[in-house]
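Undergrad: I'd like to ask you about the structure that follows.
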Amino acid sequence: MGIKGVSSAPGDFIYFKSQVPLHRIPIGTKQWRYYDFGPKVVPPLICLPGIAGTADVYYKQIMFLSMKGYRIISVDIPRVWNHQEWIQAFEKFLDAIDVHRIHLYGTSLGGFLAQLFAQHRPRRVKSLILSNSFIETKSFSAAMPWAPIVSWAPSFLLKRYVLTGIRDGPHEPFIADSVDFVVSQVEMLSREDLASRLTLTVDDASIGPLLLPDSSITIMDTNDYCAVPLQLKDQLNERYSEARRAYLKTGGDFPFLSRPDEVNLHLQLHLRRVGVEARPDLVQVIPKADSDSGPSEKKDETGGDDDTHEDDNEHNGSSPSENQTPPAPESPEPHSIEDRLLDNAEACYLANEMLVSTHGENKVLVAVLLLRYVQMIYVGCLMLGMKDAGSSHLLSFIPNR
């Protein structure tokens with residue numbers, strides 16, 4: 001989708017588009033639209049959006065995490081019409097971009113598709129981050145009487161169905177901006193794109209046992225509201241009972257846009273925990289003023305008929321540069337502060353687990369230590385300017401038990 005179609009984009013989306021190339025490659029009959037940014041020697045975190053999202057919705061994660069030395073790949077869900085076709089198409093995509101071991105971050109439908117791929121291609125998936133997701137689609141098909149004919153439905157009906165699933169206002173400003181951004185993307189999607197994604201949502205299926213251990217899974221949910229019914233989120237939590245939890249007190253359906261500081265913190269914690277080593281030494285910093293001129297102003301003139309998006313700064317092909325330039329400059333001092341913040345957060349997780357498993361007088365001592373760690377994280381967040389993340393939201397580290 002082109003930046004001309006975005007009327008209210010949260011954050012510096014225009015700057016992101018000027019610095020991060022969009023790639024489009026045909027693989028068989030499928031057209032893949034994706035971003036691939038960060039050092040290619042680092043095992044990638046691949047982001048899969050929900051029904052209403054495209055590869056663009058994760059631009060805040062791409063901008064931030066690539067600056068830390070991580071490789072982030074964000075993809076559009078291609079036009080596939082059943083779950084087996086998704087598994088085969090995604091595997092061909094990974095082969096085409098020469099990626100073999102991956103970490104998956106999926107929200108809503110993207111989380112379901114991530115689990116599905118992990119179930120059927122266990123050797124390729126090293127870890128999962130699931131946000132506002134589910135493990136079965138039966139509930140969705142039961143709630144849509146016209147599910148059998150969704151692939152033939154007209155565009156206006158498909159868009160209306162998707163948009164009614166997004167909670168209308170009033171919202172706080174950041175959540176309202178995230179909703180506006182995603183709604184603008186839905187308006188740019190073709191009838192075939194929407195029909196394909198809704199078909200994947202209502203096609204009756206459930207996730208079977210995964211070979212991936214729960215310790216390699218993080219469940220990141222918002223506690224205010226979400227289009228995914230609470231009972232489906234509870235099913236997912238029960239299935240992966242030993243997975244790490246990262247609860248966001250607010251954020252709505254699109255916390256990656258409305259609460260990027262918190263989401264990025266949890267993503268870093270997960271990647272560190274599963275052994276992904278960032279390569280900040282391969283990050284090249286450029287002055288932001290450079291975004292005003294140069295190759296970023298070139299318009300794409302090769303868009304295929306199969307894709308209705310119009311994007312600036314597009315690249316066709318699957319071989320971005322080895323050490324890509326990150327989208328925003330940053331002084332060296334905050335790196336050490338953020339490292340301490342991550343260390344403190346990991347220690348807080350540790351104290352959290354001790355608190356859950358401790359009884360009697362020792363529990364009081366552990367609780368004091370836990371509160372001290374939360375205070376340390378709060379101070380670190382304030383030093384980074386992450387005021388929201390440093391206040392009530394980081395209290396989500398405290399267990400509800």
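The values are calculated or read from the model by the stated rules, or taken from the named source; none is laboratory data. Owing to the predicted nature of the structure, the values given are computational and were not obtained by experimental measurement. Here the Cβ is made from the backbone with ideal geometry for all residues, glycine too, and neighbour counts use every protein chain on show.
Undergrad: Restricting to segment 175-209, name every residue that is in a helix (DSSP H, G or I) and exposed (fewer than 15 other Cβ atoms within 10 Å of the Cβ).
TA: Scanning segment 175-209 gives a single hit, 187.
Undergrad: Oh, and also: Any idea how many residues of segment 41-63 are farther than 19 Å from residue 127 by Cβ and not hydroxyl-bearing (Ser, Thr, Tyr)?
TA: Of the residues in that region, 9 qualify.
Undergrad: Quick one: which strands (runs of 3 or more DSSP E) lie wholly within segment 1-116 and hold at least 3 residues that are surrounded by 18 or more Cβ atoms within 10 Å (Cβ to Cβ) and among the β-branched types (Val, Ile, Thr)?
TA: Ranges flagged: 72-75.
Undergrad: Is one or more of the residues making up segment 193-201 acidic (Asp, Glu) and either under 18 Å from the mean Cα position of the chain (by Cα) or farther than 24 Å from residue 243 by Cα (or both)?
TA: Yes: segment 193-201 contains one or more residues that are acidic (Asp, Glu) and either under 18 Å from the mean Cα position of the chain (by Cα) or farther than 24 Å from residue 243 by Cα (or both).
Undergrad: Which ranges mark the helices (runs of 4 or more DSSP H) fully within segment 226-285 that have 2 or more residues being buried (at least 19 other Cβ atoms within 10 Å of the Cβ), polar (S, T, N, Q) and assigned by TED's automatic domain parsing to the domain that holds residue 142?
TA: 260-273
Undergrad: I would also like to ask the following. Go through segment 142-174 residue by residue and tally those that are surrounded by 11 or more Cβ atoms within 10 Å (Cβ to Cβ), among the small types (Gly, Ala, Ser) and in a helix (DSSP H, G or I).
TA: The qualifying residues number 4.
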